[in-house]
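Taking it in order: structure first as structure tokens, then the write-up.
The values are calculated or read from the model by the stated rules, or taken from the named source; none is laboratory data. Just so we're clear, the structure is a prediction, and the values are computed from it rather than from any experiment. Quick reminder, even Gly has a Cβ in these numbers, built from the backbone with ideal geometry, and neighbours come from all protein chains shown. Keep in mind that these areas ignore ligands, DNA and RNA; they rest on the heavy atoms of the full protein, side chains included. Shrake-Rupley method; radii C 1.70, N 1.55, O 1.52, S 1.80 Å.
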Amino acid sequence: SDDAEIRKLLRDFIGRNAALESTAAVEEDSVYRLYYEFSQPVAKIAGHRVLAIDRGEREGFLKVSIELDTARGHNIVVGTYLKGDSPCADAVRDAAVDAYSRLIFPAIEREIRNELTEKAEDGAIKVFGKNLEQLLMQPPIAGQVVLGWDPAFRTGCKLAVVDATGKVLDTTVIFPTAPQ
């Protein structure tokens, strides 16, 4: 279970062939009912779905797992460590199957889930940034020239004039209080 090469091989294999599945954790209607019997390949799942499934799991409405044919995972590990027929082949096979089922797969499942969540959060932040930029770049009052005033004593009051289309016409700093 500590072999980095087999873990990388399995992580890549699971990432390409596994599916993210969610089922209902409770028998009540909720906003997560779309995900009560849901399955989609890990490689193709959209970020907004990952975030919704994570929320549903945190709120106790969903049970989430990464599903892969167990025999395929066992075959990769066994095939890597079992060379030929020897007197200890059964013990090596049993150890490989146990390591995969008990140690390797659960760790890789957590890694893949964390990676999916991080990618989804990064994507959501980018979308939020684009939407916010569009809102901030709108004219403050449509069809009106606006003078914006940011009061301050020590650093001076900042002024900005924005035309009816949202274009900044001029900015300056004034000091309306003594001693300046």
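Okay, here's what the table says:
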{"quantity": "Lone qualifier among Leu10, Leu62, Leu82, Leu20 - being of a type outside the set (Asp, Glu) and either over 23 Å from Ile104 (Cα atoms) or in contact with a Cys (Cβ under 6 Å, 6 or more places away or on another chain) (or both)", "calculated": "Leu62"}
{"quantity": "Qualifying residue in region 99-113 (condition: of a type in the set (A, V, I, L, M), without any contact (Cβ under 8 Å) to a residue 60 or more places away in the chain and either open to solvent by less than 40 Å² (accessible area, probe 1.4 Å) or within 30 Å of Val42 (Cα to Cα) (or both))", "calculated": "no"}
{"quantity": "Sole exception among (1) part of a helix (DSSP H, G or I); (2) buried (at least 16 other Cβ atoms within 10 Å of the Cβ) for Ala71, by number", "calculated": "(2)"}
{"quantity": "Whichever residue in region 132-148 is of a type in the set (A, V, I, L, M, F, W, C), open to solvent by 90 Å² or more (accessible area, probe 1.4 Å) and outside any loop (DSSP other than H, G, I, E, B) and, among such residues, is nearest to Leu169 (Cα to Cα)", "calculated": "Leu147"}
{"quantity": "Conditions (1) of a type outside the set (A, V, I, L, M); (2) closer than 16 Å to Lys8 by Cα; (3) modelled with pLDDT of 90 or more; number of the one not met by Gly79", "calculated": "(3)"}
{"quantity": "Cβ-Cβ under 7 Å pairs, at least 6 apart or on other chains, region 116-131 side over 25 Å from Gly15 (Cα atoms) and modelled with pLDDT of 95 or more, far side in a helix (DSSP H, G or I) and open to solvent by 90 Å² or more (accessible area, probe 1.4 Å)", "calculated": "none"}
